[in-house]
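Some notes on the structure that comes next.
The values are calculated or read from the model by the stated rules, or taken from the named source; none is laboratory data. Please read all numbers here as calculations on a predicted model, not as lab measurements. Virtual Cβ from ideal backbone geometry, glycine too; neighbours counted across all protein chains shown. With ligands, DNA and RNA removed, areas are computed over all heavy atoms of the protein, side chains included. Shrake-Rupley method; radii C 1.70, N 1.55, O 1.52, S 1.80 Å.
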Amino acid sequence: MTEPIHLAFLWHQHQPFYKDTLSDRIEMPWVRLHAIKDYYGMAAMIERHPGIKATVNFVPSLLVQLQDQIDGKQDIWQSLSRIAPSDMNYDQRRFLLQNFFMTNPNTMIRPLPRYFELYGRRSGVDIDEKVVARFSDEEIRDIQALSNLAWFHPITLEDDVFLGETYKCQHFSEEEKQQILDKQIEVMKQVIPLHRKLQDEGRLELSTTPFYHPIIPLLLDEHSVHEAMPDARLPRRTLPLAGDAYEQVRRAYQYHTEVFGKAPAGMWPSEGSVSQEAAELFASAGAKWIATDEEILARSTGVQKSAQRHPYRPYRVNGVPGSLSIVFRDHVVSDLMSFQYQYFNEDDAVSDFLEKIRDIGKRHSERPLCVFVILDGENAWEHYRRTAYPFFVKLYEKLEEADDIVLTRISEYIENHEPTHSIDRVAAGSWINGDFAIWAGHDEDIEAWEYIDRVREDLRIMTQSSHGKYNSADVKNAWEEIYIAEGSDYFWWYGEDHSSVQDMEFDALFRMHLKNVYRHLGEGYPEFLDEPIKKRGQRKLYSEPTAPLQRAHARVSSYSTAFRRSLRFQCRLRLDGTRVEHAASGRLLRFRRQQPSFAC
């Protein structure tokens with residue numbers, strides 16, 4: 001009998017850092033809402049299927065925010081949900097009507113008839129005084145309740161009698177609304193213990209990411225950009241940020257170990273961003289494996305043709321401390337799950353996925369063989385029916401029945417199948433096109449890096465020449481703001497690559513953290529930090545052609561029949577702008593970046 005194909009899932013759990021560390025004000029609700037849906041639900045589904053193993057990657061700054069909310073800190077949406085409508089002023093009502101429908105209307109709003117009715121009444125209009133006056137206290141309360149109820153995972157709705165019954169309701173009392181919000185905290189409290197339990201049972205491996213999700217190669221050496229993008233303009237930098245990179249990685253390992261009781265063996269670098277220098281840093285911090293996209297394998301080995309390169313085995317990284325392996329995500333299969341299977345019915349999606357895995361086994365007769373499927377563990381699922389619960393039930397059942405596919409954790413596979421091939425130099429790049437264009441390819445990105453440099457240099461000079469003026473806690477907090485601002489998420493929204501209805505809020509968050517450097521020290525901040533980096537109205541409403549029509553048709557025909565059947569619906573979604581309008585839930589609009597380009 002042929003040795004089975006090994007399959008390693010890695011679910012990457014991450015949200016930007018939304019908290020103002022001075023006021024403890026949490027600006028956005030996405031940590032809380034994804035916690036009750038994805039962070040809990042993904043683990044709960046694995047718990048229900050004893051034959052399933054996976055790796056889950058947690059960004060430490062996400063865990064910090066999760067714990068903050070468990071401890072009683074509230075985001076703005078949560079606080080507004082708690083207020084009785086009769087006590088709300090005009091601005092609060094307007095904010096609610098503008099923001100409490102930020103999710104997929106077809107999969108998250110439509111299943112709740114009352115929520116969909118209220119969405120229809122509000123949708124497509126500017127929220128002015130006349131619109132606000134149109135909604136009664138009872139309707140505002142229903143929006144408060146339903147916008148929170150919609151995010152519970154189906155497993156929670158099955159297990160919790162109150163939530164299961166309330167999900168069927170059309171109108172809500174103040175007491176029911178408050179109980180829904182209390183239930184969110186109950187679910188959030190289960191996230192970390194459930195993951196620790198599954199880790200201790202050997203069902204999950206838990207890996208980490210640099211603390212605030214920075215692009216480590218760009219901190220270590222901004223010239224890494226030129227390795228992947230030779231003509232890119234670089235920001236002016238007063239001093240290297242290598243020390244910041246070391247601190248982001250060191251603290252990630254320390255905090256992860258404190259939370260989960262076990263040091264992580266592996267790391268998913270922020271945005272799969274790697275370089276040889278970054279690999280050396282990860283290895284020196286204790287990493288036994290790192291992961292990135294197969295495009296980096298092509299550039300690291302010089303094998304450009306996908307049919308000739310082999311991303312289905314671990315590679316040893318040469319020239320680093322200790323022993324470091326690197327694995328590569330299958331780009332096609334991972335992106336199908338992220339961006340395309342949401343348009344399939346569940347049976348077709350599962351059949352297509354398993355067919356793809358088995359086809360890989362046929363194309364690569366060498367054994368052992370492991371397919372690494374790596375993607376966000378949170379953002380895709382709200383575009384699936386019922387949060388992808390029916391999809392995962394069918395997928396996990398089929399995988400438990402299969403004798404030719406074996407689930408594995410990444411460390412487990414590497415321990416049992418030590419690398420027999422190596423890479424002398426890891427090419428610099430990320431999991432998006434193998435380069436750093438998203439974070440260093442636009443004038444706005446450059447300006448943001450130069451903002452950091454100017455503020456960081458001010459902080460260095462102020463603290464070195466202060467002669468004891470500032471206490472150590474304030475200085476520590478000021479440096480913390482620098483590390484937060486280095487996170488990749490703020491740069492994500494700069495430039496023309498991505499856009500959402502909250503672009504300006506992310507810009508304000510970035511500049512707020514830099515202002516807080518001065519505020520922690522009791523100093524006034526420089527005026528340039530009041531100047532937005534993001535320019536409104538610059539995103540193109542169309543994409544440039546990428547191929548002649550016959551070539552695009554050929555690319556489509558290489559996909560499964562079920563996938564081709566989904567194209568008409570997919571194109572309609574793009575044309576009517578739904579994906580742009582509802583792109584504010586976390587980093588939702590990332591899904592646009594890797595969609596295959598088809599002529600519609």
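Check Val191, Val187, Val225 and return the single one that is at pLDDT below 95 and under 23 Å from the mean Cα position of the chain (by Cα).
Criteria check complete, one pass: Val225.
Could you please find all residues in segment 130-167 being under 21 Å from Gln190 (Cα atoms), of a type in the set (Phe, Trp, Tyr) and more than 30 Å from the chain's Cα centre (by Cα)?
Selection gives Phe162 alone.
I need a count of the residues in segment 477-491 that are open to solvent by less than 10 Å² (accessible area, probe 1.4 Å) and touching an Asp or Glu at 6+ places or on another chain (Cβ under 9 Å).
Number of matching residues: 5.
I want to confirm something. Restricting to segment 107-145 and keeping residues that are in a helix (DSSP H, G or I) and without any contact (Cβ under 8 Å) to a residue 12 or more places away in the chain, which single residue is farthest from Leu181 (Cα to Cα)?
Here the residue is Lys130.
Which members of segment 370-412 meet the condition of being closer than 18 Å to Asp330 by Cα, within 22 Å of the chain's Cα centre (by Cα) and open to solvent by 20 Å² or more (accessible area, probe 1.4 Å)?
Result: Arg409, single match.
Say whether the condition of being under 23 Å from the mean Cα position of the chain (by Cα) and either open to solvent by 20 Å² or more (accessible area, probe 1.4 Å) or closer than 24 Å to Glu412 by Cα (or both) is met by at least one residue in segment 354-368.
no
Filter segment 305-353 for residues that are open to solvent by 20 Å² or more (accessible area, probe 1.4 Å) and assigned to a strand (DSSP E or B) and give the result.
Residue satisfying the conditions is Arg316 alone.
Quick one: what pairs do we get from segment 188-214, first residue within 19 Å of Lys53 (Cβ to Cβ), second buried (at least 21 other Cβ atoms within 10 Å of the Cβ) and among the β-branched types (Val, Ile, Thr), C-beta under 6 Å, 6+ apart or different chains?
What qualifies is Leu204/Val56; Glu205/Thr55; Leu206/Val56; Ser207/Thr55.
Among what's in segment 456-476 and is polar (S, T, N, Q) and open to solvent by 60 Å² or more (accessible area, probe 1.4 Å), pick the residue that is modelled with the lowest pLDDT.
Ser465
Restricting segment 479-494 to residues that are among the small types (Gly, Ala, Ser) and part of a helix (DSSP H, G or I), which is farthest from Ala440 (Cα to Cα)?
Ala485
Do we have any residue at all in segment 291-300 that's open to solvent by 60 Å² or more (accessible area, probe 1.4 Å) and either closer than 19 Å to Glu418 by Cα or among the aliphatic types (A, V, I, L, M) (or both)?
Within segment 291-300 (the criterion being open to solvent by 60 Å² or more (accessible area, probe 1.4 Å) and either closer than 19 Å to Glu418 by Cα or among the aliphatic types (A, V, I, L, M) (or both)), the answer is no, since none of the residues qualifies.
List every residue pair whose Cβ atoms sit under 9 Å apart, with the two residues 6 or more apart in sequence or on different chains, where the first one lies in segment 150-163 and is farther than 21 Å from Thr103 by Cβ and the second, anywhere, is assigned to a helix (DSSP H, G or I) and modelled with pLDDT of 95 or more.
Every condition considered, the pairs that remain are Asp159/Ala44; Phe162/Glu176; Phe162/Gln179; Phe162/Ile180; Phe162/Lys183.
If I filter segment 420-455 down to residues being out of contact with any helix residue (DSSP H, G or I) (no Cβ under 8 Å at 6 or more places or on another chain) and of a type in the set (Ser, Thr, Tyr), which single residue comes out as surrounded by the most Cβ atoms within 10 Å (Cβ to Cβ)?
Ranking the qualifying residues of segment 420-455, first place goes to Ser422.
Going by the conditions given, is Asp38 open to solvent by less than 20 Å² (accessible area, probe 1.4 Å), acidic (Asp, Glu) and either assigned to a helix (DSSP H, G or I) or free of Cβ contacts under 8 Å to residues at least 24 places away in the same chain (or both)?
Considered against the rule, which asks whether it is open to solvent by less than 20 Å² (accessible area, probe 1.4 Å), acidic (Asp, Glu) and either assigned to a helix (DSSP H, G or I) or free of Cβ contacts under 8 Å to residues at least 24 places away in the same chain (or both), Asp38 comes out as yes.
If you check Asp87, Asp91, which single one turns out to be modelled with pLDDT of 95 or more, more than 23 Å from Glu175 (Cα to Cα) and more than 26 Å from the chain's Cα centre (by Cα)?
Residue meeting the stated conditions: Asp91.
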